[in-house]
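The values are calculated or read from the model by the stated rules, or taken from the named source; none is laboratory data. Computed from a predicted model, the values in this text were never measured in an experiment. Every residue, glycine among them, receives a Cβ derived from its backbone with ideal geometry; neighbour counts consider all protein chains shown.
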Amino acid sequence: MAESGDPPPGPAAPRPNPCKGATGLRRIANATRNSLAGLASAWRCEAAFRQEVLAACLLIPLALLLDVPALGKAAMIASVLLVLVVELINSAIEAAVDRISLERHELAGRAKDLGSAAVMLALVLAATVWAFVLFG
């Protein structure tokens with residue numbers, strides 16, 4: 001029987017995250033390993049991410065080769081990288097929603113649609129930046 005000051009019995013405590021207790025170089029190594037695992041997972045599971053990476057592999061060198069000011073090059077490259085960042089966040093949202101339930105739900109659909117809209121806006125931004133830099 002529990003003492004009056006003891007917390008009520010409940011579900012087992014979640015396992016501690018091994019990255020949260022690490023400090024210094026170990027924390028950086030753990031974070032790097034997890035980040036690389038995330039990139040590998042996105043490459044393996046997300047066709048849109050693969051397409052955007054391939055586009056980035058073409059567009060980033062092109063931006064470096066074009067005769068535009070350094071700030072223009074930086075904006076062009078940053079806009080392409082932003083698309084990849086937003087795609088990764090969208091993929092994380094989709095994975096989290098699917099982990100909770102695969103059945104259709106209005107809020108799950110809204111979360112996925114919002115993530116998709118963010119990717120679309122990042123793509124529009126990238127196209128706009130490239131157009132302004134190239135055509136004034």
Residues located in the stretch 98-136, provided they are at pLDDT below 95 and not small (Gly, Ala, Ser): ASP98, ARG99, ILE100, LEU102, GLU103, ARG104, HIS105, GLU106, LEU107
Residue pairs meeting the criteria (Cβ under 6 Å; at least 6 apart or on separate chains; first under 25 Å from ASN34 (Cα atoms) and of a type outside the set (Val, Ile, Thr), in the stretch 6-23; second surrounded by 10 or more Cβ atoms within 10 Å (Cβ to Cβ) and modelled with pLDDT of 65 or more): CYS19/ASN30; ALA22/ASN30
Any hit, the stretch 23-39, residues being assigned to a loop (DSSP other than H, G, I, E, B), out of contact with any helix residue (DSSP H, G or I) (no Cβ under 7 Å at 6 or more places or on another chain) and of a type outside the set (Phe, Trp, Tyr): yes
Residue within the stretch 68-76 that is touching a residue at least 24 places away in the same chain (Cβ under 8 Å), part of a helix (DSSP H, G or I), of a type in the set (Gly, Ala, Ser) and within 28 Å of ALA40 (Cβ to Cβ) present: no
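Quick grid of which residues meet (1) β-branched (Val, Ile, Thr); (2) touching a residue at least 12 places away in the same chain (Cβ under 8 Å):
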residue: LEU82; (1), (2): no, yes
residue: ILE89; (1), (2): yes, yes
residue: ILE93; (1), (2): yes, yes
residue: ALA108; (1), (2): no, no
residue: ASP113; (1), (2): no, no
residue: SER116; (1), (2): no, yes
residue: ALA126; (1), (2): no, yes
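Criterion first (of a type in the set (A, V, I, L, M, F, W, C), assigned to a helix (DSSP H, G or I), in contact with a His (Cβ under 9 Å, 6 or more places away or on another chain) and surrounded by 11 or more Cβ atoms within 10 Å (Cβ to Cβ)) does VAL97 satisfy it? Spell out how you get there, then give the answer.
Working: of a type in the set (A, V, I, L, M, F, W, C): yes; assigned to a helix (DSSP H, G or I): yes; in contact with a His (Cβ under 9 Å, 6 or more places away or on another chain): yes; surrounded by 11 or more Cβ atoms within 10 Å (Cβ to Cβ): yes.
Taking the combined requirement at face value, the residue satisfies it.
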Members of the stretch 40-67 that are surrounded by fewer than 12 Cβ atoms within 10 Å (Cβ to Cβ) and in a loop (DSSP other than H, G, I, E, B): ASP67
